[in-house]
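The structure under discussion appears below in the form of structure tokens.
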Amino acid sequence: MKSSRIIENSPLARIARLKLHAGSVAMVLGHSIHLSGATREQFLSDPYWVAHEMEHVRQFEQYGYFGFLWRYLVGWARHGYYNIPFEVAAREAGERDAVLYARGQPLPGPEARHPTPKAG
Ligand SMILES: [Zn+2]
């Protein structure tokens, strides 16, 4: 994956996980993908999830570190987590780009995919 890196057992991702009442989350900060409740292997085994988070990496590159965070938080306050424009775009990218991260494996079925948090 480009220049991004994965951080397991991230305290920051744990805060997001509690906030979102989710069993596992990935949270992108710049080029780092912070995980809580999921291992690197579990994350990488779901190409839809990887594609979603890689869209956030791209968004960070487009808007800059604080430019992204500011827009993200404003979007959260205005629309709620699920409808943050960056999240809507990342869900679309997840569907569109999953095949790019499938590493030669068949795409997982719905039951094997990481659920998108709806709360927050
Ligand atoms: Zn997201």
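Each value in this text was obtained by applying a stated rule to the coordinates, not by laboratory testing. In this text, all values refer to a predicted model and were calculated from it rather than measured experimentally. Here the Cβ positions follow ideal geometry from the backbone for every residue, glycine too, while neighbour counts run over all protein chains shown.
Out of 67, 109, 75, 104, report the one residue that is free of Cβ contacts under 8 Å to residues at least 40 places away in the same chain and in contact with a Phe, Trp or Tyr (Cβ under 7 Å, 6 or more places away or on another chain). Steps first, answer last, please.
On the way: 67 fails: in contact with a Phe, Trp or Tyr (Cβ under 7 Å, 6 or more places away or on another chain); 109 fails: in contact with a Phe, Trp or Tyr (Cβ under 7 Å, 6 or more places away or on another chain); 104 fails: in contact with a Phe, Trp or Tyr (Cβ under 7 Å, 6 or more places away or on another chain).
75 is the lone residue from the list that is free of Cβ contacts under 8 Å to residues at least 40 places away in the same chain and in contact with a Phe, Trp or Tyr (Cβ under 7 Å, 6 or more places away or on another chain).
Quick one: how many residues across region 58-95 are more than 14 Å from the ligand (Cβ to nearest atom), farther than 20 Å from residue 3 by Cα and of a type outside the set (Gly, Ala, Ser)?
Final tally of qualifying residues: 3.
Taking residue 12, is it of a type outside the set (Asp, Glu) and more than 11 Å from the chain's Cα centre (by Cα)?
Details: of a type outside the set (Asp, Glu): yes; more than 11 Å from the chain's Cα centre (by Cα): yes.
Answer is yes for this residue.
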